[in-house]
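The values are calculated or read from the model by the stated rules, or taken from the named source; none is laboratory data. Computed from a predicted model, the values in this text were never measured in an experiment. Methodologically, a virtual Cβ is constructed for each residue, glycine included, from the backbone with ideal geometry; neighbour enumeration extends over all protein chains shown.
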Amino acid sequence: PAEVVPQAPEDPLFGLARAFKADPSPQKVDLGIGAYRDENAKPWVLPVVKKADEIIRNDPEANHEYLPIAGLASLTSKAAELVVGASAPAITEGRVASIQTISGTGACHLGGLFLSRFYNPYGDASKKPTVYLSNPTWANHNQIFSNVGLPIAQYPYFDQKTKGLDIDGMKKALSDAPERSIILLHACAHNPTGVDPTLAQWREIAEIMAAKGHFPFFDTAYQGFASGDLDRDASAIRLFVELGFELVVAQSFAKNFGLYGQRAGCFHFISAPSPDAASITTRVASQLTLLQRSEISNPPIYGAKVASIVLNDPALFAEWKENLRTMSGRIIDMRKALRAKLEELGTPGPWNHITDQIGMFSFTGLNEKQVAKLREEFHIYMTKNGRISMAGLNKKNVDYVARAVDKVVRE
Ligand code: PMP
């Protein structure tokens, strides 16, 4: 096949990271990659993760055996509680089927694969339901769902004028979509815009989705990062569960545990209240296990152990929440600092969206030309769509970044 394999383009995000690394300028600033950085622009190993690491290293029984196909049960059960709440009826009624995945990407993939096999809403296997993605969304969503043979479409999300949510556009698109479509929703801290619906808006969205019989597919990669509060960041999913939707959740522990490269995550299928719940959960879990076997056999053990130790120990769990507040708090401080500096400089704005938006990212509104200038003249790296990772800012570089933005906006 060698002759017919064309060169594929480099992944834009990882290409950006490579270019940043190769830049010798001492002033360079990385606002590209979606990973938390501390005040010194360094990766941060959460103190609670270090403690869990100690526990694993001091455990004489610890080994490198395979996990079961469905992963570490002490992780998946707690992970489900994290999503819907420990005392939620979905848990007590046994309506959640959970499986450990290759982080959030693997959860989206396994979920997409599962739905492409078993979600056949039109009674005709050749007519697949469409997955609706927000415009814009995490770029990988497009490839992940296309790769499992599901058609994709977009719903409006970001309002260029207000740099907030285009709720009317979104609602109209959901109303116009064919019944029983799959709707991909970011549970909180939307990537790349940093714009989330309010709880009242989530209710409106849910109402339309219920009327149209749409299937909610939640992607939760930033729980605890948006507000610093795990429960609050799960409120959209919990609302849909309380309303009785059958839905799925792709959950990543990359950001909130800082376990990026360990690939820890889960996929959850939550069925609607029914006397049949136990049987549904067992059947769904069996099919997920079968799919998993042919894909990865069994998921990786280390990150799963770390997360499980923290989630199962009340003292460590409390400490994790503290660590989450450290990360989300520093990001909020940087939002305030960047906005204040731009306003102080009188940079043509407005810049309120910098502090209105939440989570790891901000959609600045800078255009492609300005982004290129920032990179070429100021060694400041961000994605072409003007998204900046707030975690790349710190007290030492925020003024420099604001001044550079000021220059390119005025040109
Ligand atoms: N979904 C969204 C919206 C994301 O931003 C990310 C990480 N960039 C993921 C899923 C999955 O990431 P990972 O596979 O590293 O958990």
Top-ranked residue in segment 214-249 [being hydroxyl-bearing (Ser, Thr, Tyr) and within 15 Å of the ligand (Cβ to nearest atom); ranked as nearest to Thr130 (Cα to Cα)]: Thr220
Quick one: in segment 165-194, of everything that is more than 16 Å from the ligand (Cβ to nearest atom) and either at pLDDT below 95 or assigned to a loop (DSSP other than H, G, I, E, B) (or both), which residue is nearest to Pro121 (Cα to Cα)? Arg180
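Can you pull out the residues in segment 4-26 that are assigned to a loop (DSSP other than H, G, I, E, B) and surrounded by fewer than 12 Cβ atoms within 10 Å (Cβ to Cβ)?
Looking only at segment 4-26, we keep the residues that are assigned to a loop (DSSP other than H, G, I, E, B), and these are 5-11, 23-26.
Scanning segment 4-26 gives Val5, Pro6, Gln7, Ala8, Pro9, Glu10, Pro24, Ser25, Pro26.
Kindly indicate which of Leu243, Leu239, Leu199, Leu230 is touching a Phe, Trp or Tyr at 6+ places or on another chain (Cβ under 6 Å) and either surrounded by 24 or more Cβ atoms within 10 Å (Cβ to Cβ) or assigned by TED's automatic domain parsing to the domain that holds Ser308 (or both).
Only one candidate passes the filter, namely Leu239.
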Assuming Leu288 fulfils every condition listed in (1) crowded, with 17+ Cβ neighbours inside 10 Å; (2) touching an Asp or Glu at 6+ places or on another chain (Cβ under 6 Å) apart from one, which condition is it? (2)
Residue identified as more than 16 Å from the ligand (Cβ to nearest atom) and under 23 Å from the mean Cα position of the chain (by Cα) among Ser271, Ser286, Ser294, Ser252: Ser271
If we keep only residues of segment 80-128 that are of a type in the set (Asp, Glu) and assigned to a loop (DSSP other than H, G, I, E, B), then the residue nearest to the ligand (Cβ to nearest atom) is Glu93
If you scan segment 1-17, which residues turn out to be of a type in the set (Asp, Glu) and either modelled with pLDDT under 90 or in contact with a strand residue (DSSP E or B) (Cβ under 6 Å, 6 or more places away or on another chain) (or both)? Glu10, Asp11
Cβ-Cβ distance below 9 Å, separation of 6 or more or different chains: which pairs start in segment 137-162 with a residue that is closer than 18 Å to Ala250 by Cα and end on one that is away from the ligand (no atom under 13 Å from the Cβ) and of a type in the set (Gly, Ala, Ser)? Phe145/Ser116; Val148/Ser116; Leu150/Ser116; Ile152/Ser146
